Amino acid sequence: MPPAARASKSAASRHWITATRPRSKNCASAICAARSLRRSDHAESSRLWKRLRVAQGEVAGREALADLRRFVAASNAAALISLDEAGEQLIALHRLDLACTLHGSLLSTNAIENLMRNYRGQTAKVTCWQPASDQISQWTAAALLQVETGFRRIQGHVVLPRLRQSLALPSLNPGSGGGAS
């Protein structure tokens, strides 16, 4: 395929993914709204979001969120509404007082969006979904097994056992005696 055709196809697929992505009211909507600031405010907005991501502990997280809120309030009312909707969700990880190495991965929706994009790619050519049988489950399982081969470890994965302890979740390792029953 010629490079121009490939670029056109890539741009069309990015547009389709963006147009069909559901818009939810969560942390991601606050980030999207903050990106709708004036171009001259982007550098400061990026700096404040980065400060929130790398803040260590609840106090530092609240300070960073307060600074971000003050900046957004002075710049864009719609962005402030979205930021306030996300509210405490933005510092949920900070309240657990874990190392900030997990924040980059867990404060982003990239992992979920990557999973959904690759799942759609695997099932895009399926035209005959038979609801009367278990075919939907089979297609879904096969697609997710294929998508799983592209998974990578998240940044800060060594802190995940501490995260599980902080959340008081049982171990998910088989044979360890914990896990879902």
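FYI, it's all coordinate maths here, none of it is from the lab. In this text the structure is predicted, and so the values were computed from the model without any measurement. Reconstructed Cβ throughout: ideal geometry from the backbone, glycine too, with neighbour counts over all protein chains shown.
Considering (1) surrounded by fewer than 14 Cβ atoms within 10 Å (Cβ to Cβ); (2) not in a helix (DSSP H, G or I), the lone condition that residue 108 does not fulfil carries the number (1). Scanning region 140-150 for residues that are surrounded by 10 or more Cβ atoms within 10 Å (Cβ to Cβ), in contact with a helix residue (DSSP H, G or I) (Cβ under 8 Å, 6 or more places away or on another chain) and either within 25 Å of residue 105 (Cβ to Cβ) or among the basic types (Lys, Arg) (or both) turns up 140, 143, 144, 146, 147. Check region 105-122 and report whether any residue there is touching a Gly at 6+ places or on another chain (Cβ under 9 Å) and in contact (Cβ under 8 Å) with a residue 40 or more places away in the chain. Yes, region 105-122 has at least one match. Somewhere in region 126-139, is a residue buried (at least 16 other Cβ atoms within 10 Å of the Cβ), out of contact with any Asp or Glu (no Cβ under 6 Å at 6 or more places or on another chain) and not aromatic (Phe, Trp, Tyr)? No, every residue in region 126-139 fails to be buried (at least 16 other Cβ atoms within 10 Å of the Cβ), out of contact with any Asp or Glu (no Cβ under 6 Å at 6 or more places or on another chain) and not aromatic (Phe, Trp, Tyr).
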